[in-house]
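What follows is calculated from the coordinates using simple rules that are stated; it is not laboratory data. Given the structure is predicted, the values throughout are model-derived calculations rather than measurements. Using ideal geometry, Cβ is built from the backbone for each residue, glycine included, and neighbour counts are taken over all protein chains shown.
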Amino acid sequence: MAFPASSAAPPALGLLAKQSYGLAAVARAADCSVIASGCSSVNVSGGGTLSVSLAAVTGTPLGACETGSTCELAECVPAADASAPPGSSCLLELVGEGPLADPFTDNGNSDTTILSAPAISTTPNGFLIAYREYDPVEGNARLTTIAIDPSGAAAAPTQMALPGACAGSPETDATALVFAGPQGTIALSQPACSADAGADASGDAGTTAAAIALLTLDPTGAIQAAALVSPSLTNATLGQGHALASTPLGIVLAYSAGSSAFAVPLAGTMAGTSPTPFAQVAELKSENAAFLTGTSYGTGYLALGTAAAGTNGDGGALKGSSAGVGTILGDAGVLLHDGGSNVTRVSPFNAKWASVGSVGSRVLVASDGPSAAASIQWTTFDMGSASAGSTGTFAPMNGGTVSYADVALQQDRAFFAATVDDSISLFAFEKASTVPIFLLEVPFSTLPMLPLGSLSDGLVAVAASDTEVAVVWGTAKALSTNDNVGGYAIFSCSPP
């Protein structure tokens with residue numbers, strides 16, 4: 001990590017296992033040359049402050065940035081990439097970062113755990129991260145929440161065992177999270193257990209029917225209430241591209257089951273009404289199938305299938321009605337509900353993966369692009385419009401394969417967090433409410449202080465407030481004992 005010497009509150013190191021460490025630190029001048037260094041042996045047995053004594057280097061300081069580069073957070077970066085275009089107030093400067101909690105495997109359960117795609121949401125206090133870990137050998141599952149303040153400092157994680165999990169019924173889909181004011185909601189799917197699946201972590205026989213766990217929580221991550229809700233269907237799965245949203249109907253959950261995508265308004269930890277199908281295709285993508293986004297203007301629903309009618313690709317079109325949140329009348333694609341009596345069918349589009357965000361009456365879908373040189377595509381939709389708006393593509397400046405990108409809209413900006421090979425890039429666009437215009441990219445490979453490791457499986461999520469952008473990532477779906485679970489990073493972005 002790096003921070004200015006003038007910082008009154010340096011970023012936290014995050015969670016460390018209780019053992020001895022060697023802690024090294026350097027002080028750098030404005031040109032990044034090393035002017036002091038030191039190393040101390042410390043023993044971590046609890047919270048507190050760790051210190052390293054620095055001694056001035058002898059001779060001429062080394063390590064200054066070359067001509068054409070500038071020193072940003074103790075790293076030399078090309079001058080052209082050091083800041084946003086002239087006049088922009090969104091610089092995406094790193095203000096804090098840290099790791100997620102220690103892996104579930106540290107508790108001696110098994111050599112491998114299954115990690116859900118993590119979720120992140122803005123809260124009145126900053127941001128909140130949530131994710132699930134599942135032990136496939138013993139059939140245990142654990143939920144972790146971590147509150148992050150606007151400076152990037154993480155609170156101690158809140159963790160709870162999830163009852164009802166069982167061996168032989170893997171929990172592999174995403175964790176869903178949303179906040180509406182001071183109250184948050186988490187949704188987790190729970191597959192059906194076979195008759196001989198064995199007991200769960202509490203020693204109970206475990207559930208035998210598929211269910212969705214609903215939990216309410218406060219901005220610190222403290223769980224207030226929890227309940228299992230059975231959708232009375234085959235196993236339900238939650239999509240990575242946002243399965244919970246705050247809408248004119250309240251908090252709404254989207255999920256897929258079999259060949260249908262469903263939506264259900266929630267009332268705390270209860271389903272407010274029966275689930276309503278909003279898409280049906282021959283086969284939905286099992287773990288990236290149904291998503292939604294909402295504002296006070298309305299709700300946008302998205303469903304991805306593998307063989308949508310009338311197309312040769314993965315996407316299609318939806319029809320709907322004003323009854324509840326829609327009825328089965330079409331194929332996978334986009335459905336817009338303005339919160340009143342208007343439900344709009346939108347022209348089809350193709351995608352292998354997608355995520356969705358919104359601001360005001362604007363809905364924006366991020367999906368895979370048509371080529372390596374245009375690997376991420378954005379498509380705009382507007383409440384009440386019967387066709388897609390504008391579309392565009394972009395790609396990481398250094399190339400690479402994009403396996404997934406999440407999108408968040410705030411004010412008039414759109415932010416995309418994309419997994420690129422084994423790393424991540426954060427992209428900012430302005431004019432999100434009209435025609436998005438590229439602003440800048442921050443490749444995480446240029447920020448060695450981030451606890452990245454080698455990433456796979458596209459486990460990334462992004463959220464944005466008026467002044468910060470937060471990215472959270474998981475290392476991989478299958479974690480071994482020595483793997484980091486993942487990490488987070490907070491970037492500054494002033495209002496337009």
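Key figures for this structure:
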| read-out | value |
| --- | --- |
| Ordering of 249-256, 297-304 by packing [mean C-beta count within 10 Å, highest first] | 297-304, 249-256 |
| Sequence-distant residues sharing a close amide H with residue 27 (under 5 Å, placed H) | 35, 36, 37 |
| Equivalent ellipsoid semi-axes - Cα gyration tensor, region 416-464, angstrom | 23, 12, 8 |
| Loop-resident sites, region 348-438, for trypsin sites (Lys or Arg not before Pro), counting at most 14 other Cβ within 10 Å (DSSP) | 431 |
| Relative packing of peptides 177-185, 487-495 - highest average C-beta neighbours within 10 Å first | 487-495, 177-185 |
